[in-house]
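**Q** Can you keep this structure in mind? I'll have questions shortly.
The values are calculated or read from the model by the stated rules, or taken from the named source; none is laboratory data. Bear in mind the structure is a predicted one, so any value in this text is a computation, not a measurement. Glycine also receives a Cβ, built like all others from the backbone with ideal geometry; neighbour counts cover every protein chain displayed. Heavy atoms of the whole protein, side chains included, go into the accessibility calculation; ligands, DNA and RNA do not. Shrake-Rupley method; radii C 1.70, N 1.55, O 1.52, S 1.80 Å.
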Amino acid sequence: MALLTRTAGALHRRPRLRLALLLTAPLLWLAVLYLGSLAVLFVSAFWTTDSFTSEVVKVWSTDNFHELFTTPVFRQVILRSVGVALAVTALCAVIAFPVAFYTARIAKPSRRPLLVVAILTPLWASYLVKVYAWRLILSEGGLADWLLKPLGLSGPGFGLPATVLTLTYLWLPYMILPIHTALEQLPDNLLDASADLGARAGRTFRSVVLPMVLPSVAAGSVFTFSLSLGDYITVQIVGGKTQLIGNLVYANIELNLPMAAALATVPVVVIVLYLLAMRRTGALSSL
């Protein structure tokens, strides 16, 4: 008991030591399991595979990365994956802004918590349930065909548009919430001052609202971009013959593990570069 008392007193007098002991366990967890796994992934990308047995040969080589950036198929898949992530992010931003503006500025204050809960509700459902629901909606004779048939149109079916549409639905709440928070914290006196100075709604939006909300849009884009870039299940279910980086990684895990590791480093590098770009907008401080 006396030992515990002395130890508690020593920790109380040394706040930095107390903080270091408190952070040791999570930092070790991060360094060993997360950063360590990324390091192993990067190292294994420089190994090769025996063409006869498909066993990993721990011989250092850059052949995997050379093949990755010189093979047209790999280049097309990488560009397509980045394009899908950007398209999903753009669609989420376009859809999220009016929704967030209504929930934060127009709806009655008593109803705003209920609207936020309604926005979060899809996140409580299973990922696979939502994706398979969209597969039923987009399938031939599904809800999309039924709604568009009176207009002489048909649903998009399975393919790249279906993948973008489904991913947009999946990650839309991650874009709405930060924009909603930013709009809710927007001071009313700024909008009143803009109106008093004769600015119309469009000018107020461009000069007052958008600059203050843009960091939150960038913060939401971190989630939508990274989650879309690394996704591989949605494209398997609704993507038809479309291939993204995740599909190629999954397909090469058993046959060519070093090539799968080289492919997996691409989204990691792209996301790191994206985070560095978003840092300049102040997005990381809005997370």
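**Q** So which residues in the range 36-54 are at pLDDT 75 or above and either open to solvent by 80 Å² or more (accessible area, probe 1.4 Å) or among the acidic types (Asp, Glu) (or both)?
**A** Within the range 36-54, 40, 42 meet the criteria.
**Q** Here is a further query. Could you list, in sequence order, the residues of the range 94-127 that are closer than 16 Å to residue 170 by Cβ, surrounded by 15 or more Cβ atoms within 10 Å (Cβ to Cβ) and of a type in the set (Val, Ile, Thr)?
**A** 95, 99, 119
**Q** Being hydroxyl-bearing (Ser, Thr, Tyr) and either over 29 Å from residue 157 (Cα atoms) or surrounded by fewer than 17 Cβ atoms within 10 Å (Cβ to Cβ) (or both) is the filter here, so list the residues in the range 232-270 that pass it. Give the steps one after another, and end with the answer.
**A** Step one: of the range 232-270, the residues hydroxyl-bearing (Ser, Thr, Tyr) are 232, 234, 242, 250, 265.
Listed by number, the residues that qualify are 250, 265.
**Q** Restricting the range 128-150 to residues that are in contact (Cβ under 8 Å) with a residue 24 or more places away in the chain and open to solvent by 60 Å² or more (accessible area, probe 1.4 Å), which is nearest to residue 225 (Cα to Cα)?
**A** Step one: of the range 128-150, the residues in contact (Cβ under 8 Å) with a residue 24 or more places away in the chain are 128, 130-132, 134-135, 138.
Next, from what is left, pick out any that are open to solvent by 60 Å² or more (accessible area, probe 1.4 Å): 128, 132, 135.
Numbers: 128: 20, 132: 22, 135: 22 Å.
Only one residue fits best here, namely 128.
**Q** Condition first: closer than 18 Å to residue 172 by Cβ, under 22 Å from the mean Cα position of the chain (by Cα), modelled with pLDDT under 90 and surrounded by 12 or more Cβ atoms within 10 Å (Cβ to Cβ). Can you find one or more residues in the range 75-90 that meet it?
**A** no
**Q** Would you pick out the residues in the range 66-84 that are of a type in the set (Gly, Ala, Ser) and in a loop (DSSP other than H, G, I, E, B)?
**A** Hits for the range 66-84: nothing passes.
**Q** Follow-up. Please name all residue pairs, on different chains or six or more residues apart, with Cβ atoms under 8 Å, provided the first residue is in the range 226-237 and is touching a residue at least 40 places away in the same chain (Cβ under 8 Å) and the second residue is assigned to a loop (DSSP other than H, G, I, E, B) and of a type in the set (Val, Ile, Thr).
**A** If the second residue must be assigned to a loop (DSSP other than H, G, I, E, B) and of a type in the set (Val, Ile, Thr), the pairs left are 235/242.
**Q** Could you grab me the full set of residues in the range 158-197 that are modelled with pLDDT of 90 or more and among the small types (Gly, Ala, Ser)?
**A** Answer for the range 158-197, where residues must be modelled with pLDDT of 90 or more and among the small types (Gly, Ala, Ser): just 162.
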